[in-house]
Structures are given as C-alpha cells and as structure tokens.
Amino acid sequence: MIDFGRFIAGPYCAMLLADLGADVIRVDRRHGSEDRYTGPVTEGGEGGAFLSLNRNKRSLTLDSSKPAAADIIRRLAKSADVVVANLPISVLRKMGLDYDALRALKPDIILARISAFGPDGPYAHKPGFDTIAQAMSGAMSLTGFSGTPIRSVVSFEDYGTALHTAFGIMVALYHRAQTGEGQVVDGSLLATGVTFMQALLAERSVTGIVRESRGNTGFFTAPADTYRTADGWITVQTIGRDMFARWARLVGREELVEDPRFRDDLLRADNRETITQAMEAWLVNRTTAQALADLEGARLPAGPVLDLGQVLDDPQVKARELLQYVDYPGAPKPVPLANPAVRLSATPGSIRRRAPTLGEHTDEILDELGYSAPEIRALRAAEVV
C-alpha cells in the first residue's frame, strides 16, 4: 500500500491496515510534511499524532515537482495493491494518481480517495479540515453550551472517515479477490459528518423540532448529563424505563417513575430539570468513588470525568494494554501509542515498528523498485528524493 495521506484521515486509514500486516510506504515531502511536526514531542519535532498514525510504515521522501519523480510514482503504483491519497482531484491528476492513470499502470489497483467534500458537487474544489466538517454537518451547532459554537477536541470527522475508507478498502480487496477488478473507494469528511448526525437530521426533517446546544445534557433521555460530586465530576447515561426506575430508587425518588412527566425517554429529557435537581441533591455529599460504586451497584452506566494524566494511569487502560510505550529517536521517554482498538483472535494487529524518521527507508524502497545504487545517488543529488 502506498500512503500519500496527510494529517489524520489518510494516515489513520493506512495505519489501520498496517497494524493488521499491510506493507505501507508513506510518501513524505523531502523536508517533511506538515503533519510530521504538529504537536512536537521529540527533539526532531515529530508530533504525538504523527508517531501514532504512521507506526508500522516505511518512509520514502519525494519531491513530486521534479520530472524524475513521475517514474518513481509509476513504479510505486505498479507495485501496490492500494493507493491512499487525501489530495485534491486536480493534484491527483497532476501527480498521475487519478484512477484512470493508475488503472493504466495496474488494471486491478484500488484507489482510496479521501477529501473534505467529495469529488463532485458544488463544494468539490473547496479545501477543508475536520473542524470545517464538524461545522457544516451541524455537529458544532449543537456542541457545548448556548452561545459560541464549539468543536469537539477529538477530530471525529477525520477518524470516522478513515474508518469508513479502511472498511471500503477491505470490501474492495475482497471484491478484487472474487472478480479481479479494482475500483475507487471514495470517502469524505462531510459524508462522515452527515452520517454521524443522521438521527438529529432525521428528527429535524420529520418532526420540525429545532434543537439548541445544551452542554452535556442528552436530547433524548434523562438522566443523561455530567454531574458534580463532592470531589470531581461524573457522567451518567440512562435509557429506558427499567434504568430510570433503578435510578429513581437509588436517589430516593421512586415517585418519579409513575409521574406522567417522565413516562418515556423523550419526556424525561424534556423535563430534565427535576431529574437534575434530584441527582444533584443525591450527589452533594458523595465523592466520585462513592457515587460510582452506588451507581454500579444499581447497574447504571456511569464513569468519572478523567484528565489526561488519570487516563494514562487508569487501571482498565493498563489491564487491557490499550497503550503501548514505544521508543523513538529524539523522544526523551517512550511515547504511548494506542494499540489496535479492534482485537482479532486469529490474526491480531500489533505495533511492530515505530513511525519512520524522515526518509528512513528511501534507499531500501528505491532498491525494491529496481533502481541501481548509482541511480539512487543521482536521484539524491538532483534532490528528487
């Protein structure tokens, strides 16, 4: 697999497959791509996201503006099963990475193409990042408290698009195994955003209900919010009459179960003030640990609001080895990287190698593509690689 991805969506898509055994070549700019240096944690400037999203890959540097780069790209394409690129369509054509050009080189190739808005429609030419998709999918308008629209700190449009695209690649590979045919896998941030917002979009379209942001409070059920304890914060989520009844018994408000204002989830959400007051009164003298123990005893979903240091020390995170600490040149200490989130019993993924330093495997890859040692030296002298 050849990874021409940048930032999150493309690299994470390729990383998911690299974790499960794919040989992924990341094509870097000669002086390093911008995403390598975002949020630096090493002496060389590599960022935490880069170190995670590019593990299990090899790095080839390339100046695509040089004429000699075109031959390298052609050889890469001929050697690949999949090309991943989150680049504008015009750039793909210029680099010879559009589907028609790739198919001419390798008829069964799969092109995974990721963009902000998709390859057609009135926004096809517009650039965009995760936050733009959060804004234009409606998510930002309902995030946070009333006032300024708030983005999520997690780039969920990027990560979601990567997951959608990786899933599409796997289906395309299966289709190719059955038919011998390649195809285009098309993912976009806006498509992901609309998909993730579909329940609220459906409600607005069908019922006409106009929602407004209201912090951590659920739109469709209650109690479903974040609540202050004597020494911190917890979040509680209930759905359905049975959970609500258990909650009412726990907080000493059993009469609410038969109150017509709380007959179903939506009514409970609409009349949440009474529920919030009952929860706050119950929590006023309880620590986070005490409250969570009682909620767990009543089989009610709840959890503490942890800061980042607490997440690193969380016993469940440690027990399941959700993080793997990996050495990297120039990092003052091992860097925690998220282990593969999906665990397969027969063919598990793993972090087999750290993210590459810039151009670390350039000579190795060019040798595999058939370039001789003198040719590689000439490419370096011409600053093609």
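Rule-based calculations on the coordinates, nothing more; no lab input. Model, not experiment: these values are computed from the prediction. Neighbour counts are summed over all protein chains in view; Cβ atoms, including those assigned to glycine, are modelled from backbone coordinates with ideal geometry.
Lys/Arg Cβ at +1, Asp/Glu Cβ at -1, dipole of the chain taken about the Cα centre: which of 164, 199, 345 is farthest positive-ward?
Farthest towards the positive end: 164.
Can you check what the Kirkwood hydrodynamic radius comes to for the stretch 303-375, Cα pairs only, in Å to one decimal?
15.7
Share of Cα-Cα pairs in the stretch 12-126 beyond 20 Å, in percent?
48
Taking 45 Å as R0, compute the FRET efficiency from the Cβ-Cβ separation of residue 179 and residue 345 and round it to 0.05.
Step by step, r from the Cβ atoms, then E = 0.95.
Please rank 272, 214, 26, fewest neighbouring Cβ atoms within 10 Å first, as an exposure proxy.
Lowest count first: 214, 272, 26.
Over the residues of the stretch 236-385, compute the C-alpha Rg and express it relative to 2.2 N^0.38 Å.
That works out to 1.86 for the stretch 236-385.
Subtracting the Cα-Cα distance from 0.36 nm times the residue separation, let me have the gained length for residue 261 to residue 212 in nm, one decimal. Let's see the in-between values first.
Working: separation 49, 0.36 × 49 = 17.64 nm, distance 2.13 nm.
Here the segment from residue 261 to residue 212 would lengthen by 15.5 nm.
Can you sort 262, 219 by how many other beta carbons sit within 10 Å, fewest first?
Neighbour counts put them in this order, fewest first: 219, 262.
If you consider only alpha-carbon coordinates, what radius of gyration and Dmax does the chain have, in Å?
25.1, 85
Multiply the residue separation of residue 313 and residue 235 by 0.36 nm, subtract the distance between their alpha-carbon atoms, and state the gained length in nm to one decimal.
That pair, residue 313 and residue 235, stretches by 26.2 nm at full extension.
If you take every residue apart from residue 5 with its C-beta less than 13 Å away from the C-beta of residue 5, what net charge results, scoring Lys and Arg +1 and Asp and Glu -1?
With Lys, Arg at +1 and Asp, Glu at -1, the neighbours total +1.
Please report the base-10 log of the normalised intensity I(q)/I(0) for the stretch 224-305, using a Debye sum with one equal scatterer per alpha carbon and no solvent, at each q in 0.11, 0.14, 0.19, 0.22 (1/Å).
-0.25, -0.40, -0.76, -1.02
Starting from the Cα coordinates of the stretch 100-241, work out the convex hull volume and express it per residue in Å³.
Enclosed volume per residue, from the Cα hull, is 187 Å³.
Under a cut-off of 24 Å between alpha-carbon atoms, report the lysines in cross-link reach of residue 78, not counting same-chain residues fewer than 8 places apart.
Correct list for residue 78: 57, 66, 94, 106.
Using only the Cα atoms of the stretch 1-54, what do you get for the radius of gyration and for Dmax, in Å?
10.8, 30
Only four residue types carry charge here, +1 at the Cβ of Lys and Arg and -1 at the Cβ of Asp and Glu. Report the dipole size of the stretch 224-305 about the Cα centre in Debye, rounded to the nearest 20. It would help to have the intermediate numbers written out before the result.
On the way: 11 positive and 14 negative charges, 20 e Å.
Computed charge dipole of the stretch 224-305: roughly 100 debye.
Given N residues in the stretch 64-147, what is its alpha carbon radius of gyration divided by 2.2 N^0.38 Å? The partial results should precede the final answer.
Working: Rg = 16.9 Å, N = 84, 2.2 N^0.38 = 11.8 Å.
Compactness ratio reported: 1.43.
Which listed residue (131, 234, 277) has the Cα farthest towards the positive end of the charge dipole for the chain, taking +1 on Lys and Arg C-beta and -1 on Asp and Glu C-beta about the Cα centre?
Value: 131.
Considering only DSSP beta bridges with both partners in the chain, what is the antiparallel share in %, to the nearest 5?
That works out to approximately 40 percent antiparallel.
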